[in-house]
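Structure first, then comments.
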Amino acid sequence: MERFFYASIMLLSALILVCPNKSSAEMILDMESAVRMGLERNQSLQAVREEVRGREYGIKSARGAFGPRLSTAYGYTRLDERPEMRTMDPATGQPVNIEGSRDLWVLNINIRQPLFTGFNLLSTYQMSKLAHEQSQSQLDRAELELILEIQTTFLDLLAARQSVRVAEDSVTRLESHLEVSRSLFDVGLAPRLDVLRAQVDVSEAEQELITAQNQVQTLEALLNMLLNLPWGQQVIYEGELQFLPYTLNLDESRRIALRKRPDIFIADKSIQIALKDERITASDFYPHIGANFDFFRRGDDPTVSGGVLQDRKEWRAGVQLEWTIFEWGRTYYAWEQARQGTRRLMAEYQSLLQSVSFEVKADYLFIQESRKRITVARQGVEEARESFRMAEARYEAQVGTSTEVLDAQANLTRAEGSLILAESDYLKALASIYRSMGEKNIDLSPR
């Protein structure tokens, strides 16, 4: 039994050592899952969501202004003289003076119900609803911007990884050429200069490789920050730069943008809010009507239980109209100022429509350009590879020079870099045009 107990302890210890710690487990994310996680966890986006919730309370606050207002007041007053009242004594028929207290305590309860405020309350309520709708559009815009930022960073990371592979291939080719140069130099078939040139190029290629590797680490850290991942979280970002078609033409893209772009919704709501603000400013042109109900308790002591010369309680009810007839143009000029603000927003709205159309067209043209560059770059890579192969073969056969090999190698590295840049530019142009259209296309799938 004792042996079985110790054996169980040993087995449990081994399992603890072998099984990975869940907190340090690696996380595997592709672009779609990374974007989804960013939308869920990014703190900048969370701040906008909190603003949307705050605007919901603003609607409830504005709606509450339509109801009656209940207030109370409790006060004490000390008179300089005792109040007196002259009356007749019913028993003797003689006039007598009755003195009250110099202490006056009053409790007042007031209920006020606004009946007409020159459309102020209604416009304020409508304006709060518009502000809430505007904040929802601002959330959509923030999500689009975050999606674009994550996608662009993810694509830059994929391109940086390919650049690392290109740099590694470049180092490998140059080291191979260095070995060939040394071999030929050792047998007296190549000058010492060829070896030195090859060594310099290997050193430069290794520096470029280090830079490319650092770029990968920097972009991974940036993605971790955008996704609000904890410090030290191990993440593997999966994916390749793959060609994805874009099936919409320019007119279709523009129509979608004008229909779905959050910026346009925000600008439209700004105009509607400005119109409500005009109405609120113009409310001072109209009379304000309200109903009041007051209940009073008075007394000579803090219990407000009445006094010698005071009734203990009373109530009053009435309707009050207030109308400011003349203020030297203050209301009129304030209204004109509000109208000018509305006209400014309308002009900005028209300018925004043109800007959206331009952004869509610029992104569309960049897609076409990048697509053509991919075709040309692919052909350039094939030609550069063949050129390098021929230069290397000619050098080994001693009918070519080391300079030709190094030039061919540099051309191949540039061609491969150009292809990577064209492929990443194309995909980033896709991400940009979807953002310009107001489309939350998190995986860049064809629409």
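The values are calculated or read from the model by the stated rules, or taken from the named source; none is laboratory data. Just so we're clear, the structure is a prediction, and the values are computed from it rather than from any experiment. A quick note on method: Cβ atoms are made from the backbone with ideal geometry, for glycine too, and the neighbour counts reach across all protein chains shown.
Points worth noting:
To keep it simple, each residue is scored yes or no on (1) closer than 27 Å to Glu252 by Cβ; (2) without any contact (Cβ under 8 Å) to a residue 60 or more places away in the chain.
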| position | (1), (2) |
| --- | --- |
| Gln310 | no, no |
| Ala317 | no, yes |
| Glu327 | no, yes |
| Thr331 | no, yes |
| Arg339 | no, no |
| Leu345 | no, no |
| Val356 | yes, no |
| Glu359 | yes, no |
| Leu365 | yes, yes |
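- Hits in the stretch 84-118 - residues which are at pLDDT 80 or above, assigned to a loop (DSSP other than H, G, I, E, B) and either of a type in the set (A, V, I, L, M) or surrounded by fewer than 16 Cβ atoms within 10 Å (Cβ to Cβ) (or both): Arg102
- Residues of the stretch 252-294 that are assigned to a helix (DSSP H, G or I), aromatic (Phe, Trp, Tyr) and surrounded by fewer than 18 Cβ atoms within 10 Å (Cβ to Cβ): Phe285 alone.
- Note on the stretch 228-266: among residues that are aromatic (Phe, Trp, Tyr) and farther than 25 Å from Asp425 by Cβ, the one that is modelled with the lowest pLDDT is Trp231.
- The stretch 180-195: number of residues that are closer than 17 Å to Asp407 by Cα and either at pLDDT 85 or above or surrounded by 15 or more Cβ atoms within 10 Å (Cβ to Cβ) (or both): 4
- The test for being more than 45 Å from the chain's Cα centre (by Cα), assigned by TED's automatic domain parsing to the domain that holds Ala408 and surrounded by 11 or more Cβ atoms within 10 Å (Cβ to Cβ) holds for Glu383.
- The lone exception for Leu444 - which of (1) at negative phi; (2) out of contact with any Asp or Glu (no Cβ under 7 Å at 6 or more places or on another chain); (3) not aromatic (Phe, Trp, Tyr) it fails: (1)
- Qualifying residue in the stretch 157-171 (condition: among the hydroxyl-bearing types (Ser, Thr, Tyr), out of contact with any helix residue (DSSP H, G or I) (no Cβ under 6 Å at 6 or more places or on another chain) and not in a strand (DSSP E or B)): no
- Residues satisfying the stated conditions in the stretch 121-179, i.e. under 30 Å from Tyr395 (Cα atoms) and among the basic types (Lys, Arg): Arg165, Arg173
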